[in-house]
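Novice: Here it is, the structure in full.
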Amino acid sequence: MPEALLFEKSRPGREGVSVPRCDVPQTSIPDSLRRSSLSLPEVSEVDVVRHYLRLSHLNYCVDEGLYPLGSCTMKYNPKVNEAVARLPGFARLHPLQDPSTAQGAMALLFGLQGMIAEIGGFHGVSLQPSAGAQGELTGILIMRAWHAARGDAKRNRILVPDSAHGTNPASTSMAGLAVVEIPSDRRGNVDLLRLRAQLDDRVAGLMLTNPNTLGLFEENLLEITRLVHEAGGLVYGDGANFNAILGVAKPGLMGIDVMHFNLHKTFSTPHGGGGPGSGAVGVVEALAEFLPGPLAARVAAGGEPRYEWRMPSRTIGRVKSFNGNFGVLVRAYTYIRMLGAEGLRAVAENAVLNANYLQARLKDIYPVPHGDRTCMHEFVAQGKIAGAPDIRALDISKRLIDLGFHPPTNYFPLIVPEALMIEPTETESRETLDSFIEAMRTIAREAVSDPALLHDAPHSSPVRRLDEVKAAKELKVTAG
Ligand SMILES: Cc1ncc(COP(=O)(O)O)c(C=O)c1O
């Protein structure tokens, strides 16, 4: 039986706070202002503590166990990031404060812009966009503005590989440009012949995710960027999978002109569930003055450096109120400074090693369409089990919940039937990976011996199978 909700625990007169006796004259709120009773729950402190602790137990999180949600980079978030983000000098700043009174925060933003530029091989960085998807929109708007500034207004097409995340075509459409889909070839790369066929003077650019959403490094990357540039287009990099090449390769030196970084993924902020993120955008020199602003700038005025806001001269404008999601930026800064250059490289190396370990140990049971290639930070298996024709990827994922793991990403990328996209991240130990492998093998055995167990899963969760689309669209947080 579900436990009572906080309102159901309410009892008239029960209190959870004791306020000191009033020592100032009392006034009452005029009836005209009070439209109806507030109907707040009357509960004790222990009721409240138990209620929220119980809720927190219902919520699976990366602090509890492996969260191999492909493309989402659910890595462990070091607690030092939280400690720094909560320092009163950062946490209690007001966004409208005069920059002269927030020089420490400005120095942090300036430093972060520089570090991200260095890591990605870019000339300039804006920290404004608040998610990867918004970074994409920003990047496409920058590309559009660049073409317009050169008087090349007929370029209204963006080429998008068929393995791309849905946000890529969505961002393109929001920016008012047309999407042209480019198929992948048999090795999981962009099909070069099909790309060449589309390259003409209507192309504003290509959006490329590298490594792509199959977890594969784009083998023809340099050729692709050369071809697009030759045709007069620009190359957008979707940096959502940057964790795989962090500290190893610089997209800005490989022909990517503009790229977003999902700071909340690669640089470690708790994310998911719609919380604050950051989709910082890096650009090559030719695009730097189109960046959204304001940007943190350092003024060299002799002695102490001073920081102020600067709007790039041909900016596409603001894309976010105030100055980005500052708390996420503090965490990213802390993460980078704690790891240093060698630590960042180790992140990518271990992320790739862990994914390849899982791929090698699972591909005999779960088909991996590109399993002959070394994967990067993730790989895409198929939820198809020999001897269990009725079992689907969703059944496997739901059964994983019973066995104590968060499921992988399901049914994405769209070009792999029954896709299970698995990203273990660098922060998982060999023991954790082995227990995940064991769970996946157990499920494969159960699929053959007792398929109903999978079809009816999950058995251990507070709710069973939900209509996930409806659950997201019509969020219902009360019982009954
Ligand atoms: C490949 C790829 N691109 C873009 C995005 C969008 O990023 P965000 O969720 O930060 O908007 C995601 C998110 O999962 C992604 O996986």
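The values are calculated or read from the model by the stated rules, or taken from the named source; none is laboratory data. Quick caveat: nothing in here was measured; it's all calculated off a predicted structure. As a convention, Cβ positions derive from the backbone with ideal geometry for all residues, glycine included, and neighbour counts pool all protein chains shown.
Novice: Among the candidates 148, 175, single out the residue that is of a type in the set (A, V, I, L, M, F, W, C) and within 16 Å of the ligand (Cβ to nearest atom).
Specialist: So the residue among 148, 175 that is of a type in the set (A, V, I, L, M, F, W, C) and within 16 Å of the ligand (Cβ to nearest atom) is 175.
Novice: Write out, first by first residue and then by second, each pair whose Cβ atoms fall under 6 Å of each other, whose residues are 6+ apart or on separate chains, and whose first residue, in the stretch 234-259, is over 19 Å from residue 348 (Cα atoms) and in contact (Cβ under 8 Å) with a residue 12 or more places away in the chain while the second is of a type in the set (A, V, I, L, M, F, W, C) and assigned to a loop (DSSP other than H, G, I, E, B).
Specialist: Every condition considered, the pairs that remain are 235/256; 257/284.
Novice: Can I ask one more? Do the conditions hold for residue 140, that is, is it in a helix (DSSP H, G or I), under 25 Å from the mean Cα position of the chain (by Cα), under 22 Å from residue 337 (Cα atoms) and within 16 Å of the ligand (Cβ to nearest atom)?
Specialist: It is false that residue 140 is in a helix (DSSP H, G or I), under 25 Å from the mean Cα position of the chain (by Cα), under 22 Å from residue 337 (Cα atoms) and within 16 Å of the ligand (Cβ to nearest atom).
Novice: For the stretch 363-480, please list each of the helices (runs of 4 or more DSSP H) lying entirely inside it that holds at least 3 residues being touching a Leu at 6+ places or on another chain (Cβ under 7 Å).
Specialist: Details: elements: 393-402, 430-449, 451-455, 468-473.
In the stretch 363-480, 393-402, 430-449 are the helices (runs of 4 or more DSSP H) which contain 3 or more residues that are touching a Leu at 6+ places or on another chain (Cβ under 7 Å).
Novice: For the stretch 251-318, list the strands (runs of 3 or more DSSP E) that sit wholly inside it and hold at least 1 residues that are within 16 Å of the chain's Cα centre (by Cα), farther than 16 Å from residue 99 by Cβ and within 14 Å of the ligand (Cβ to nearest atom); which are they?
Specialist: On the way: elements: 258-261, 281-283, 295-299, 306-310.
Result: 258-261, 281-283.
Novice: Now a separate question. Got a number for residues in the stretch 382-399 being crowded, with 18+ Cβ neighbours inside 10 Å and either at positive phi or touching a helix residue (DSSP H, G or I) at 6+ places or on another chain (Cβ under 6 Å) (or both)?
Specialist: 7
Novice: Is it true that some residue in the stretch 304-320 is more than 27 Å from residue 130 (Cβ to Cβ) and hydrophobic (A, V, I, L, M, F, W, C)?
Specialist: Scanning the stretch 304-320, I find no residue that is more than 27 Å from residue 130 (Cβ to Cβ) and hydrophobic (A, V, I, L, M, F, W, C), so the answer is no.
Novice: Which numbered condition in (1) in a loop (DSSP other than H, G, I, E, B); (2) within 16 Å of the ligand (Cβ to nearest atom); (3) in contact with a helix residue (DSSP H, G or I) (Cβ under 6 Å, 6 or more places away or on another chain) is the only one that residue 130 fails?
Specialist: All conditions are met except number (3).
Novice: Which of the numbered conditions does residue 187 fail, given that it passes all the others? Conditions: (1) more than 30 Å from residue 372 (Cα to Cα); (2) part of a loop (DSSP other than H, G, I, E, B).
Specialist: Result: residue 187 fails condition (1) only.
This table checks each residue for (1) in the same structural domain as residue 463 (by TED's automatic domain parsing); (2) free of Cβ contacts under 8 Å to residues at least 24 places away in the same chain; (3) not in a loop (DSSP other than H, G, I, E, B).
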{"residue": "8", "(1), (2), (3)": "no, yes, yes"}
{"residue": "21", "(1), (2), (3)": "no, yes, no"}
{"residue": "24", "(1), (2), (3)": "no, yes, no"}
{"residue": "31", "(1), (2), (3)": "no, yes, no"}
{"residue": "48", "(1), (2), (3)": "no, no, yes"}
